[in-house]
Every structure is written in C-alpha cells, then in structure tokens.
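Since the structure comes first, as structure tokens, the remarks are kept for the end.
The values are calculated or read from the model by the stated rules, or taken from the named source; none is laboratory data. Note that the coordinates shown come from a computational prediction; the quantities given were computed from them, not determined experimentally. All Cβ positions, even for glycine, are placed from backbone atoms using ideal geometry, and neighbour counts span all protein chains on display. The protein model used for the area step is the full one, side chains on, heavy atoms only, and it has no ligands, DNA or RNA in it. Shrake-Rupley method; radii C 1.70, N 1.55, O 1.52, S 1.80 Å.
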Amino acid sequence: MDHEGKVAVVTGGAGGIGRGIVHALLARGVRVVVADVEGPALVAAVDECESRGAVRGVRTDVADPDSVMALADDVYGSEGRCDLLFANAGVTSGGGGLPWEQEINDWRWCFSVNVFGVAATVLTFLPRMLAATSPGEIVATSSGDGGVAPVPYASVYAASKAAVSCFIEAVAHQLRSVDAPVHAHVFYPGGGLLDTGLWTAARNRPPALERIRPRPPAPGTTFAEFKAQLEAAGLPTTVVDLDWLGAKVLDDLDEGRYILGPDADRFGKLLHARADAIAHGDLPPTLLH
Ligand SMILES: NC(=O)c1ccc[n+]([C@@H]2O[C@H](COP(=O)([O-])OP(=O)(O)OC[C@H]3O[C@@H](n4cnc5c(N)ncnc54)[C@H](O)[C@@H]3O)[C@@H](O)[C@H]2O)c1
C-alpha cells in the first residue's frame, strides 16, 4: 500500500505492542488515530508521538459497542477515511492459574475486550471501509496462546484468542471470496519476551467485573517472575524491541502475508506436531512445548 494520505486506527495503541505499531505507521507518514480506554496513558502516548507525525487520540472502550461506534463516527467525520484498522486492544483474564479456579467474571472481562471488542471493531469499521471501495487492511492482534495452541495456565485468555484467530480467518476468506479491496490479517506478536502492560492488564478491569472471590495472582504472572522462570529453565529471555515488532507487522503486510509476526515458522512446526497428535487421538502439545 502507498501510505501517502492514508489513515490508520489502532485500538489499544496507547502502550505496549500497539504503541510500536503506531510508531511504525507514523514513520511511514500515515495519519494515526489512537483509540484506548486508559485516558492518562492515551494523552501521554499522543504527546510522545506528536513529534513523529500526525496523531491524535480518541478515548474508546472496545468492550462497549457504542464507544466503538462513536470512534468510527469521529474518524470518518474528521479524517473521512480509515485505510488501516488494527484491532489490537486486549487484556488477560487477570492472573491465570488453574482453569477450574477461574470465575465467570474472568471470562466476562477477558471476552468483553478480546472477543466482543474485536468483533465490535470489525463490525463497525469494515462495512464503512468496504463502502469506500479503496484498498484497506484489517489486522487483528491474536496470540500464539490460543491462536496456535493453549498455554494451559492461561486458559481463558487462550480461549479468547482462539476465537479471534478463527473469526478473522473467516472474515479474510469471505473478503477474498467477494474479491474485496479490503483484506484481513491475523497478527501473532512474538520474537521473544514482550515486556508490555499486558502483565498489569487488571489496571483497566471494570469494577463491575471484579472477581467475586479475590485471590493472589498465580505464580509466574508478573513479567519478572515469568522471565525468572525461563532463566531457571535455561530458556531464552531476549526482550523484544516493540518498535521493531511494529515495523515487522507493516513489513509483513507489504509482503501480502495473512499471518503477521516473527514466529510463523515455529508455529507451523508446532501445528504439525499437534496435527499428528490429533490424528492419533492424543492430547495435542501446548504452546509451551
Ligand atoms: N504481551 C504479550 O506477551 C502478548 C503476546 C501475544 C499477544 N498479545 C496481544 O497484544 C495486544 C496488545 O497487548 P500488549 O501486550 O501491548 O499489552 P498492553 O497492556 O501494553 O496494551 C494493551 C492496550 O489495550 C488497552 N486496552 C485495554 N482494555 C481496553 C478496552 N476495553 N478498550 C480499549 N483499549 C483497551 C490498554 O489500555 C493498553 O494500552 C493484546 O491483544 C494482547 O492480547 C500480547
């Protein structure tokens, strides 16, 4: 895509991986609307990004379809277009642990953002992007955890990301079947350890969806603990440069790939092992194998 005069919307763009995507878009001269629920972080992100290009923030809760509709009205009212849509906002389910110790409110919060949020973002923007009849790209941020294989102690999150990957794959097929000028892609962040705000996602958890039975977070659910666990197991602990990751997403888009992100090869090998296990009627290997 020629990026001259193009407009991008990045949900969850105030921090972490989304901010890396914002930086990469601005470096290519794209006008960027950052949509994020965390007001102070959004203001700080826009302040930091202003020297890089044309950027503004719209406070948005992707779990609220009216908020996403207001975002789209704002974008089409002010910018007149959306060429690149990044449905990136996501949360954990708040601490992980044994699947049967998760509560319904863990499911509700995680799915409200990761699944209903992605659905609302796509359902609200895609018809307008198609009506524009110009080339467009939709990127949904999934995770290898669930999108490829579950991390068993992150069962709710994994289930949500499996839904994202499956939904976007269906969207991509249907867009292709009607030869639409808009394409959909799935992004699997990776390349090493990601030191982002996901580890403290509960900062944005709505009080109405708090746990009924508070409990301490499961071991390994802070970034420092997780890194220490890997170090103790002799596994690599390289921390990914999030600006590099954001640029990688755009490079992979340029190549016309459906799967975006650095780990496609590793995931492909794991999926072969999973397919073999399934064919034998065995429990497939997890993302941690
Ligand atoms: N960090 C990882 O290891 C990892 C791995 C694979 C996939 N991901 C996915 O990458 C995406 C970005 O996560 P991150 O790691 O950068 O975490 P992050 O917390 O740094 O960024 C997520 C952003 O989403 C925002 N957000 C949360 N709830 C929202 C809501 N209801 N509406 C709008 N914005 C909301 C947050 O304020 C934050 O700015 C997520 O979808 C996450 O699931 C992360």
Rounded to the nearest 10 Å², what accessible area does E210 show when all protein chains are kept and the probe is 1.4 Å? 80
Mean-square fluctuation check for the chain, GNM, Cα pairs under 10 Å: which of G96, G144, G77 is largest? G77
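If you rank L26, L123, L287, L271 by how much accessible surface each has, with a 1.4 Å probe, what is the order from largest down? Numbers along the way, then the final one.
Details: L26 10, L123 120, L287 30, L271 80 Å².
Descending accessible area places them as L123, L271, L287, L26.
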Which value results for Rg/Rh of segment 196-289 when Rg is the Cα radius of gyration and Rh the Kirkwood radius based on the inverse mean 1/r? 1.05
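At 0.36 nm per residue, and after removing the present C-alpha to C-alpha distance, how many nm does the segment from D243 to L123 gain when stretched out fully?
Details: separation 120, 0.36 × 120 = 43.20 nm, distance 2.84 nm.
Separation in residues times 0.36 nm, less the Cα-Cα distance, equals 40.4 nm.
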Can you tell me how segment 176-236 classifies by the Cα gyration tensor, rounded, prolate or oblate, using a/c under 1.5 as the rounded cut? oblate
For the chain, alpha-carbon Rg and Dmax in angstrom: 18.5, 56
Taking the alpha-carbon distance from K6 and a cut-off under 15 Å, which aspartates and glutamates remain once sequence neighbours fewer than 8 residues away in the same chain are dropped? E79, D83, E137, D254
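Just from its helices, what would the mean residue ellipticity at 222 nm be for the chain, if runs of 4 or more DSSP H residues each count -39500 (n - 2.57) and the sum is divided by every residue, rounded to the nearest 500 deg cm²/dmol? Spell out each step's value before the answer.
Working: 10 runs with 130 residues, N = 289.
Value at 222 nm, helices only: -14500 deg cm²/dmol.
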Reduced to Cα centres, the span from segment 197-224 to segment 72-131 in Å works out to 19
What are the membrane-span-like helices in the chain by this rule: whole DSSP H runs, Cα extent along the axis at least 24 Å, mean Kyte-Doolittle hydropathy at least -0.5? 155-177
For segment 21-163, what is the relative contact order in percent, using Cα pairs closer than 8 Å and at least 6 residues apart in sequence? 23
Calculate the spin-label point distance for D265 paired with T222, positioning each point 7 Å from the Cα along the beta-carbon direction, and give it in nanometres. 3.6
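Per residue, what accessible area does the chain have, given a 1.4 Å probe and all protein chains present, in Å²?
Working: 13410 Å² over 289 residues.
Accessible area per residue, the chain: 46 Å².
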Can you work out the FRET efficiency for the pair R213 and R257, with r the C-beta to C-beta distance and R0 = 51 Å, to the nearest 0.05? 0.75
Per residue and in cubic angstrom, what volume does the convex hull of the Cα atoms of segment 5-135 have? 108
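Roughly how many percent of the accessible protein surface of the chain is carbon and sulfur, given a 1.4 Å probe and a whole-percent answer? Don't skip to the end; give the middle numbers.
On the way: 7940 of 13410 Å².
Carbon plus sulfur share of accessible area: 59 percent.
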Reported to the nearest 10 Å², I278 has, with a 1.4 Å probe, an accessible area equal to 110
Say we join alpha carbon atoms closer than 10 Å with springs in a Gaussian network model of the chain; which of N88, N204, N105 then has the biggest fluctuation? N204
